[in-house]
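Worksheet: one structure, shown below.
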């Protein structure tokens, strides 16, 4: 898969089939767009592509708001490749870019690249003030001679799939709903960094994950997780919280106790896939009470693993 940062760099590629969007989370709705361009590219012997933006437009349009994302940029690119995309056009999103009129943007797109097919979601808007939508594209597709595919709403269990719905589910600790909308378990990933070793002192060593500031964390609590380390899979208990019994940190930490595992993995990369929530974060009167609860959590985890996994 090739990644370019300008339209000019994609100008020589014939028969481009492009999905247009931000694709935060690459959920099941996004995957419908991806399938649309991959299928059309296969049909016309073209190139399946995604046109997206960096940073996320919300960061430029509403800089006062803190935007938390569902996946990091590297993970997004890996998934796009996995889903069959051959080209990613990642345009810099600036205030100047945000001020471009919708029709002018499509005109520029048509002049810069060899656009054959465009796929968007039913509610996607673009251009200054979000004035561009599928109706405008339907008109322009005739003028510029490209085909247009509009993906209808994708609904799972009466929930309209969107990045916002997934964020809401995660903030409520509803891993089941988040997983259904994503089409895969939610993921927390990062490098294992050295901690204060409180877990080891209690008899339950944890791997402390170095978090990225702009990635959304689920509701504070303890979760059953699948942990991938160096292509090997394990089960673990992931704690997201402030460690109220021990240190009461100012910002949430992510620490995972990997079951039946005691290797030194400092500096290594962990992928932690959330399977289900075991309980909310709780402050205990003393470390002994915390130890007893961890034992209960581990017992509960093994019961769930035996039943479901």
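Readers should treat all values here as calculations from the given coordinates under stated rules, not as data from a laboratory. Please read all numbers here as calculations on a predicted model, not as lab measurements. Glycine also receives a Cβ, built like all others from the backbone with ideal geometry; neighbour counts cover every protein chain displayed.
So the label point goes 7 Å from the Cα of residue 263 along Cα→C-beta, right? Which residues of the stretch 165-194 then have their backbone N under 17 Å from it? Counting backbone N atoms under 17 Å from the label point, the list is 190-193.
Counting neighbouring Cβ atoms within 10 Å and putting the fewest first, the residues 297, 9 line up as 9, 297.
Packing-based ranking of 276-285, 47-56, 76-85 yields 47-56, 76-85, 276-285, ordered from highest to lowest mean Cβ neighbour count within 10 Å.
Once the Cα atoms are used to define both axes, helix 28-44 deviates from the longest principal axis of the chain by about 40 degrees. If one computes the Cα centroid of the stretch 39-69 and of the stretch 1-15, what distance in Å separates the two points? Cα centres, the stretch 39-69 to the stretch 1-15: 15 Å.
Could you work out how much longer the chain between residue 108 and residue 4 gets when fully extended? Use 0.36 nm per residue separation minus the Cα distance between them, nm to one decimal.
So the chain would gain 35.8 nm between residue 108 and residue 4.
Shown for the stretch 243-309 is the translational diffusion coefficient from the Stokes-Einstein equation, using the Kirkwood radius over Cα pairs, a temperature of 20 °C and a viscosity of 1.002 mPa s: 151 µm²/s.
The tail of the calculated P(r) for the stretch 2-159, taken as Cα-Cα distances beyond 26 Å, holds 21 percent of the pairs. Under a no-solvent Debye model with one identical scatterer per Cα of the stretch 186-308, what's log10 I(q)/I(0) at q = 0.18 Å⁻¹? Reported log10 I(q)/I(0), two decimals: -0.95.
Inter-part distance, the stretch 248-294 to the stretch 203-229, computed on C-alpha centroids, equals 7 Å. Only beta bridges with both residues in the chain are counted; by DSSP, about 60 percent of them are antiparallel. For P(r) over Cα pairs in 20 Å bins from 0, in percent, the value calculated from this model appears in (i) 30, 56, 13, 1, 0; (ii) 34, 60, 7; (iii) 30, 49, 20, 1 under label (iii).
Where both partners of a DSSP beta bridge lie in the stretch 70-208, what percent of those bridges are antiparallel, to the nearest 5?
For the stretch 70-208, the DSSP antiparallel bridge percentage is about 45.
The angle separating the long axis of helix 73-82 from the principal Cα axis of greatest extent in the chain is about 70 degrees.
Could you work out the helix-only [θ] at 222 nm for the chain, with each DSSP H run of four or more residues adding -39,500 (n - 2.57) and the total divided by the number of residues, to the nearest 500 deg cm²/dmol?
Counting only the DSSP helices, I get -10000 deg cm²/dmol.
Axis of helix 134-144 versus longest Cα principal axis of the chain: the two differ by about 40°, to the nearest ten degrees. Each label was represented as a point 7 Å from its Cα along the Cα-to-Cβ direction; for residue 122 and residue 68 these points are 2.9 nm apart.
For residue 280 and residue 176, compute 0.36 nm times the residue count separating them, minus their Cα-Cα distance, and round to one decimal in nm.
35.9 nm
Legend: calculated FRET efficiency, residue 242 to residue 82, from the Cβ-Cβ distance at R0 = 25 Å, rounded to 0.05, equals 0.10.
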